[in-house]
Amino acid sequence: MLLSERQVQIAEMVRQQDFIRVEVLARHFNVTAQTIRRDLNMLCERGIARRLHGGVQRMNISGNVAYAWRQTLHSEAKQTLAREVARHVPNGVSLAFSIGTTPEIVSKALLAHQHLRIFTNNLNIAMLACANPSFEVTVAGGRLRNEDRDVMGAGMEALFSAYKVDIGIYGVAGVDEDGTLLDFYEEEVRARQMIRENSRSAFLVLDHTKFGRAAHVRGGRIDEATTIFCDQQPPPAILAMLEKSGTQLIVCKGNPSP
């Protein structure tokens, strides 16, 4: 179940303040304490926060931010990106999707399309795509990573190497100042690279917070994408790199839904 806009805002407040009381949230949103408690129960069920007496506390997470947290972060920017990507995807094409919350939101924005063929190693994306009866969905086989609900390893490689798709859509954990793409695990890098190599067009979707974000596994460069969708202009050095390579940059400015 997707979080409501109020729940997303509460999650962000908890992330920034570490601990926040129920009555403070009730006053802020002008709702009852009972309503806030239901919101907090949802956040706790998703592993985003932990209930304490009188309020809620941020969960301490090492490494990459937990998937449930990532679904709430910068959600407005991700929705804007998703709508813009959807305008650049025709009906009837084949698409490969990588893991990540931004590709997942893009897949949801495509549900009004017709006759798409979806190839993915992510169950969240596969289940969303199945909501459209005109879509054909193919998933990787193998062992799931429980939290992210994706398949890595041989099953992922077998899927993405078996098809040449029209558009590959992938995200990234971070972008170094020299344009190197960064992730937290080698398998995530491999999945992203295989999608790019086996797609006629490669769409990189990311919000501005990925520029300069620390992640330790290197793999690929930002200017290898065909098109980049971002909510803000990248840093000047990245812009110069994209202009030199001919990679198309689309800055998404919060256009309304069609």
Query raised in the report: For R213, which of the numbered conditions (1) under 23 Å from G92 (Cβ atoms); (2) of a type in the set (D, E, K, R); (3) part of a loop (DSSP other than H, G, I, E, B) fails to hold?
Result: (1)
Query - segment 113-126, subset of a type in the set (A, V, I, L, M) and over 15 Å from the mean Cα position of the chain (by Cα), residue farthest from G168 (Cα to Cα) - result: L116
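Taking the options L182, L204, name whichever one is part of a strand (DSSP E or B), more than 30 Å from N91 (Cα to Cα) and in contact with a Gly (Cβ under 8 Å, 6 or more places away or on another chain). Steps first, answer last, please.
Working: L204 fails: more than 30 Å from N91 (Cα to Cα).
Exactly one of L182, L204 is part of a strand (DSSP E or B), more than 30 Å from N91 (Cα to Cα) and in contact with a Gly (Cβ under 8 Å, 6 or more places away or on another chain), namely L182.
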Query raised in the report: Filter segment 124-145 for residues that are small (G, A, S) and in contact with a Ser or Thr (Cβ under 7 Å, 6 or more places away or on another chain); which is surrounded by the fewest Cβ atoms within 10 Å (Cβ to Cβ)?
Result: A126
Query raised in the report: Any idea which residue in segment 1-39 is surrounded by the most Cβ atoms within 10 Å (Cβ to Cβ), counting only those that are in a helix (DSSP H, G or I) and of a type in the set (S, T, N, Q)?
Result: Q7
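Pull up segment 146-158, narrow it to residues that are on the phi < 0 side of the Ramachandran plot and in contact with a helix residue (DSSP H, G or I) (Cβ under 9 Å, 6 or more places away or on another chain), then point me to the one that is surrounded by the fewest Cβ atoms within 10 Å (Cβ to Cβ). I'd like the intermediate steps shown before the answer.
The first filter runs over segment 146-158 and keeps only residues on the phi < 0 side of the Ramachandran plot, leaving 146-148, 150-152, 154-158.
Pick out the ones that are also in contact with a helix residue (DSSP H, G or I) (Cβ under 9 Å, 6 or more places away or on another chain) and you get 147-148, 150-152, 156-157.
On the way: E147: 11, D148: 21, D150: 26, V151: 24, M152: 21, M156: 25, E157: 17.
Filtering segment 146-158 for residues that are on the phi < 0 side of the Ramachandran plot and in contact with a helix residue (DSSP H, G or I) (Cβ under 9 Å, 6 or more places away or on another chain), the one surrounded by the fewest Cβ atoms within 10 Å (Cβ to Cβ) comes out as E147.
Among the residues that make up segment 159-167, is at least one of them polar (S, T, N, Q), more than 20 Å from V85 (Cβ to Cβ) and either in a helix (DSSP H, G or I) or touching a helix residue (DSSP H, G or I) at 6+ places or on another chain (Cβ under 8 Å) (or both)? If you could, list the steps in order and put the result at the bottom.
If we filter segment 159-167 for residues that are polar (S, T, N, Q), which is where we start, we get 161.
Checking the rest, the ones that are also more than 20 Å from V85 (Cβ to Cβ) come to 161.
Next, only the ones that are either in a helix (DSSP H, G or I) or touching a helix residue (DSSP H, G or I) at 6+ places or on another chain (Cβ under 8 Å) (or both) stay: 161.
Looking for residues that are polar (S, T, N, Q), more than 20 Å from V85 (Cβ to Cβ) and either in a helix (DSSP H, G or I) or touching a helix residue (DSSP H, G or I) at 6+ places or on another chain (Cβ under 8 Å) (or both), one finds at least one in segment 159-167, hence yes.
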Query raised in the report: How do the pairs read when you match residues in segment 165-184 that are outside the structural domain of T209 (by TED's automatic domain parsing) with residues anywhere that are β-branched (V, I, T), using Cβ under 8 Å and keeping only pairs 6 or more apart or on different chains?
Result: none
Query raised in the report: Mind checking whether some residue in segment 61-84 is crowded, with 23+ Cβ neighbours inside 10 Å, modelled with pLDDT under 95 and in a loop (DSSP other than H, G, I, E, B)?
Result: no
Report task. Check G219 against each of (1) within 23 Å of E187 (Cβ to Cβ); (2) outside any strand (DSSP E or B) and name the one condition it does not meet. Result -> (2)
Report task. Could you tell me whether any residue of segment 100-118 is at pLDDT below 85 and either part of a helix (DSSP H, G or I) or closer than 26 Å to L159 by Cα (or both)? Result -> yes
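Quick grid of which residues meet (1) over 18 Å from F97 (Cβ atoms); (2) at pLDDT 95 or above; (3) in contact with a Pro (Cβ under 8 Å, 6 or more places away or on another chain):
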{"position": "I169", "(1), (2), (3)": "no, yes, yes"}
{"position": "A202", "(1), (2), (3)": "no, yes, no"}
{"position": "L206", "(1), (2), (3)": "no, no, no"}
{"position": "F211", "(1), (2), (3)": "yes, no, yes"}
{"position": "T226", "(1), (2), (3)": "no, yes, no"}
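The values are calculated or read from the model by the stated rules, or taken from the named source; none is laboratory data. The structure displayed is predicted, hence computed values, not measured ones. Ideal geometry is used to build each Cβ from the backbone, glycine not excepted, and the neighbour counts take in all protein chains shown.
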